Ligand SMILES: [Ca+2]
Ligand SMILES: [Ca+2]
């Protein structure tokens, strides 16, 4: 799978703090959407249009069940025009999934008004309110919250559970009850060999640690059933691949060869006893594991470590192995950077959750 045909090569990088044009924001928003025909656009979009800062309500409302409501009615408009930042935050968070510690507005202004930042609804679907409202005091005044290494790692973004994730091949992963007590996880179905990934934002891309919870369920055939891949070169499709085979052995790929790492032991598979696609019914068996992969590209010979816990236990790394160096499509030169994390199944049901 060639992953260099992605949007990042067609959209210019934006320095932090630089205002975007509205067209740029819309383009980015669309490219971030995993399936444009099936998702809500403009989820909490902050940007500029004609020199003015906006939080933009596209006129698309959220799907039922996620509790979002992007439209402004007159009561909500009154709240957003009030002096209570707490009330504004409460409304914007509950109805748009926005958090003011994650927003910074630069050079705020708004045409013809003394205030700055607008939340604006348009059109017939706007629940009766079409004028912009004043939320200039809503963005947080302190430091921005630290960006996570991946976004929507819980697969629980309201409005689109797969937001920020990109399906490179196969089928759209299905919903599954979350692992470790969360609401949702994804299931890569055994009927489709699927790749789903996301470009990462690590603080130091040459020394990254990434975690997830996973379970491998019912499958057919032999060989490797699940891989978690960390790309250091998407143009040459070069990456490291943590892998699990049909015997439950853990290891990594060296080219097309699976290399078992005995120190990582074997996992127990999950069983969907009633065959309905989930692993939470009476009679089903759910065995999930916490995985941690650390890659260091700064050394003369880049290497990685793998650690994983005992079954159904968070924050446990009983099994681990370090100093590993097997790669697919080329070893990384010193100074490489982790770019993409990707999950792939092969004729196996695989559950993934809590990527961080
Ligand atoms: Ca989750
Ligand atoms: Ca079941």
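Pop the C-beta distance of residue 191 and residue 315 into the FRET formula with R0 = 41 Å and round what comes out to the nearest 0.05. Can you show the working numbers first?
Values: r = 33 Å, r/R0 = 0.80.
Once the sixth-power term is evaluated, E becomes 0.80.
More than 13 angstrom separation, counting every C-alpha pair in the stretch 221-279; what % is that? Intermediate results must be reported in sequence, preceding the final value.
Values: 1134 of 1711 pairs.
Of all Cα-Cα distances in the stretch 221-279, 66 percent exceed 13 Å.
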In this structure, the FRET efficiency calculated for residue 74 and residue 143 from their beta-carbon separation, with R0 = 35 Å, to the nearest 0.05, is 0.50
Fraction in percent of alpha-carbon pairs per bin - 5 Å, the stretch 275-325:
5, 19, 18, 14, 13, 12, 8, 6, 4, 2, 0
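Report the convex hull volume per residue for the stretch 162-271, counting only C-alpha atoms, in Å³. Don't jump to the answer; show the numbers that get you there.
Details: hull volume 15.4 nm³, N = 110.
Taking only Cα atoms, the stretch 162-271 has a hull volume of 140 Å³ per residue.
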Share of Cα-Cα pairs in the stretch 249-356 beyond 23 Å, in percent?
37 percent
How much length, in nm to one decimal, is gained on full extension between residue 259 and residue 182, taken as 0.36 nm per residue of separation minus their Cα-Cα distance?
24.5 nm
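Beyond 29 Å, what share of the Cα-Cα pairs of the stretch 166-353 is found? Please give it as a whole percent.
Values: 2901 of 17578 pairs.
Here the long-distance tail beyond 29 Å is 17 percent of all Cα pairs in the stretch 166-353.
Since every read-out is calculated from the coordinates, none of them should be taken as a lab result. Bear in mind the structure is a predicted one, so any value in this text is a computation, not a measurement. Reconstructed Cβ throughout: ideal geometry from the backbone, glycine too, with neighbour counts over all protein chains shown.
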